[in-house]
Amino acid sequence: MLRVAVVGSGPSGVYTAQGLVQQSLVPGVRVDVLDRLPCPYGLVRYGVAPDHEKIKSLQNNLRTVLEDERVRFLGGIRIGPDALPAARLRELYHAVVYCVGAATDRHLGVPGEELPGSWSATEFVSWYSAHPDSGAEGFVLGARSAVVIGVGNVAVDVTRILARGAAELSPTDMPQSALTALAASQVTEISMVGRRGPSQARFTTKELRELGALPDTEIVVDPGELELDPAYNDPSGLPAANRRNVEVLRGWASAPPRNPASRSIRLRFFLRPVELLAGKEGDGGGRVDSVRFERTVPDGHGGVTGTGRYEDIDAQLVLRSVGYRGVPLDGLPFDAQHGTVPHLAGRVVRDGAIAPGEYVAGWIKRGPTGVIGTNRPCAKETVTSLLQDAETLLRREVPEDPLVALRAEGLTPVEWAGWQAIERAEAELGASLGRGVVKLPDWASLLAAAARTAGA
Ligand code: NAP
């Protein structure tokens, strides 16, 4: 029996578990999928926007894997020196695959970044996704204009959620407190700002188009900013996805004015953030009030250069959506420049040599890029490496059942029945509020719900 621990139950972790049990090279593989949260699915639960029901429904595919008799979900287990040390985990299993994603956000490194009213998009996403570590609130309170810095898919998500009304958000599983706050939001102007040109934006066309379909929302694109982009006049040399983005933006820029709408989304380009400025005392009292951008122009090599001309955009809410970043893991080597764990085809590389029995998949392996499906081939590569190593890995003795050993160490994992109890509690909460499923937003309520397993 080859016993494997997968750390992290997001898409990369679950696809790794699936790859390990759905193969015929090594019979008798058993996989424990550990997660520090009592809930599975990682960013599918805590990152995919609540109004993206179709992508959210991927949870059903992931569920099938976690319900396989050869796979166990063990939630509420954190790997770390003060919890379950990585070295101890390694003793309990023949192999450990780290699929922990990219847990933090990148920084802008400009003055004013930490002003009240300036948040990372991750903090905003965690709040409306009911992440139990969130704790933050007051994002939209008192704000009339918002600036979203960055033009990736996360920027599009947070822009769209800011622009949606209560009627559209209510059917989602958004926690009640976030729904109430967003329903009362007075934010009517949202600017999403890229430092480079429209042909270099990272969002995908499907997500971009969705902005144009928002009810009662006007999309504003300045044709002059599109023209700054050399690819605008001849987009034929662009990859298809970028070309489609340019076409959509071009359509919006040349569209005749529509009926007045309650909200507007301005898509801005060639503006590099240089400073977040606070409101004057008594007028917002030290909270962010605008963002200063420097106008940029293409440098001919895919980058931009500054022009020394500046523009301030009003914003009492700033969401910095400039990408995620991996964090160092207990006991594992770390490439600080890329925020990833060094590896060869998924095998962890320590001091230039392969570390036997340690693997990575997902964002901690390749960096925070790609859509959910990108994790399939990524996990497959890691699984192939692990199975090639199986003969060697099996030579090491491990406990008969690692779960018994974990319990003996005083750990009390939330098992599948506990997660199902959380799901029931979320359905009950939604019913009591006249909504569908509504997520529990804090550790106490999640753990209390998990304890109410059938028969407990
Ligand atoms: P991303 O795609 O890497 O986009 C980051 C954006 O931030 C880029 O526009 C980047 O501009 C900009 N940026 C970086 N540093 C900056 C700085 N110092 N100043 C100004 N702008 C800066 O990251 P993401 O949006 O967080 O998405 C992460 C991954 O998740 C992506 O692969 C994305 O497709 C995926 N995702 C997918 C979906 C979906 O499929 N619906 C939803 C959410 C996320 P430059 O290009 O100039 O660096």
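Please verify whether segment 89-98 includes one or more residues that are under 23 Å from LEU447 (Cβ atoms) and over 20 Å from the mean Cα position of the chain (by Cα). Step through it out loud before you land on a result.
Of all residues in segment 89-98, those under 23 Å from LEU447 (Cβ atoms) come to 89.
Filter once more, so that each one left must be over 20 Å from the mean Cα position of the chain (by Cα): 89.
Checking segment 89-98: at least one residue is under 23 Å from LEU447 (Cβ atoms) and over 20 Å from the mean Cα position of the chain (by Cα).
Given the structure, is ALA231 away from the ligand (no atom under 12 Å from the Cβ) and either in a loop (DSSP other than H, G, I, E, B) or more than 23 Å from ALA255 (Cβ to Cβ) (or both)? Full working, then the answer.
Working: away from the ligand (no atom under 12 Å from the Cβ): yes; either in a loop (DSSP other than H, G, I, E, B) or more than 23 Å from ALA255 (Cβ to Cβ) (or both): no.
When the stated conditions are applied, ALA231 does not pass them.
This table checks each residue for (1) surrounded by fewer than 16 Cβ atoms within 10 Å (Cβ to Cβ); (2) farther than 27 Å from SER185 by Cα.
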site	(1), (2)
ILE265	no, no
PHE270	no, yes
ARG292	no, no
GLY302	yes, yes
GLY308	yes, yes
ILE313	no, no
ARG320	no, no
GLY331	no, yes
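Are any residues in segment 294-303 under 18 Å from GLU227 (Cβ atoms) and out of contact with any helix residue (DSSP H, G or I) (no Cβ under 9 Å at 6 or more places or on another chain), and if so, which ones?
ARG295, THR296, VAL297, ASP299
Identify, by number, the condition in (1) assigned by TED's automatic domain parsing to the domain that holds GLY357; (2) assigned to a loop (DSSP other than H, G, I, E, B); (3) more than 13 Å from the ligand (Cβ to nearest atom) that VAL48 doesn't meet.
Unmet condition: (3).
Is there a residue being within 16 Å of the ligand (Cβ to nearest atom), in the same structural domain as GLY212 (by TED's automatic domain parsing), in a loop (DSSP other than H, G, I, E, B) and of a type in the set (S, T, N, Q) anywhere in segment 157-165?
Checked segment 157-165: no residue is within 16 Å of the ligand (Cβ to nearest atom), in the same structural domain as GLY212 (by TED's automatic domain parsing), in a loop (DSSP other than H, G, I, E, B) and of a type in the set (S, T, N, Q).
Name the single residue, out of those in segment 207-257 being among the hydroxyl-bearing types (Ser, Thr, Tyr) and surrounded by 14 or more Cβ atoms within 10 Å (Cβ to Cβ), that is farthest from LEU267 (Cα to Cα).
Out of the qualifying residues, it is TYR232.
Would you confirm whether any residue within segment 124-131 is crowded, with 21+ Cβ neighbours inside 10 Å, under 14 Å from VAL318 (Cα atoms) and of a type in the set (A, V, I, L, M)?
Yes, the conditions are met somewhere in segment 124-131.
Output the residue which, of all residues in segment 388-443 that are touching a residue at least 40 places away in the same chain (Cβ under 8 Å) and basic (Lys, Arg), is nearest to GLU91 (Cα to Cα).
Top of the filtered list is ARG396.
In this structure, is ALA121 buried (at least 20 other Cβ atoms within 10 Å of the Cβ), under 19 Å from the mean Cα position of the chain (by Cα), more than 20 Å from PRO441 (Cα to Cα) and near the ligand (Cβ under 10 Å from one of its atoms)?
When the stated conditions are applied, ALA121 does not pass them.
Please state which one of ARG88, ARG70 is more than 16 Å from the ligand (Cβ to nearest atom) and touching a residue at least 60 places away in the same chain (Cβ under 8 Å).
From the options ARG88, ARG70, the qualifying one is ARG88.
A quick yes/no check of all residues on (1) within 13 Å of the ligand (Cβ to nearest atom); (2) in contact with a His (Cβ under 9 Å, 6 or more places away or on another chain); (3) free of Cβ contacts under 8 Å to residues at least 60 places away in the same chain:
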{"position": "PRO116", "(1), (2), (3)": "no, no, no"}
{"position": "VAL125", "(1), (2), (3)": "yes, yes, no"}
{"position": "ALA130", "(1), (2), (3)": "no, no, no"}
{"position": "ALA136", "(1), (2), (3)": "no, no, yes"}
{"position": "PHE139", "(1), (2), (3)": "no, no, no"}
{"position": "GLY142", "(1), (2), (3)": "no, no, no"}
{"position": "GLY152", "(1), (2), (3)": "yes, no, no"}
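Kindly provide the set of residues from segment 52-84 that are assigned to a loop (DSSP other than H, G, I, E, B) and either β-branched (Val, Ile, Thr) or surrounded by fewer than 19 Cβ atoms within 10 Å (Cβ to Cβ) (or both), ordered by number.
HIS52, SER57, GLU67, ASP68, GLU69, ARG70, ILE77, ARG78, GLY80, PRO81, ASP82, ALA83 - these are the residues of segment 52-84 that are assigned to a loop (DSSP other than H, G, I, E, B) and either β-branched (Val, Ile, Thr) or surrounded by fewer than 19 Cβ atoms within 10 Å (Cβ to Cβ) (or both).
Keeping to segment 327-385, report how many residues are among the hydrophobic types (A, V, I, L, M, F, W, C), more than 16 Å from the ligand (Cβ to nearest atom) and out of contact with any helix residue (DSSP H, G or I) (no Cβ under 6 Å at 6 or more places or on another chain).
Of the residues in segment 327-385, 11 are among the hydrophobic types (A, V, I, L, M, F, W, C), more than 16 Å from the ligand (Cβ to nearest atom) and out of contact with any helix residue (DSSP H, G or I) (no Cβ under 6 Å at 6 or more places or on another chain).
The values are calculated or read from the model by the stated rules, or taken from the named source; none is laboratory data. Values in this document were obtained by computation on a predicted structure and should not be read as measured data. So basically every Cβ, Gly included, is an ideal-geometry build from the backbone, and we count neighbours across all protein chains shown.
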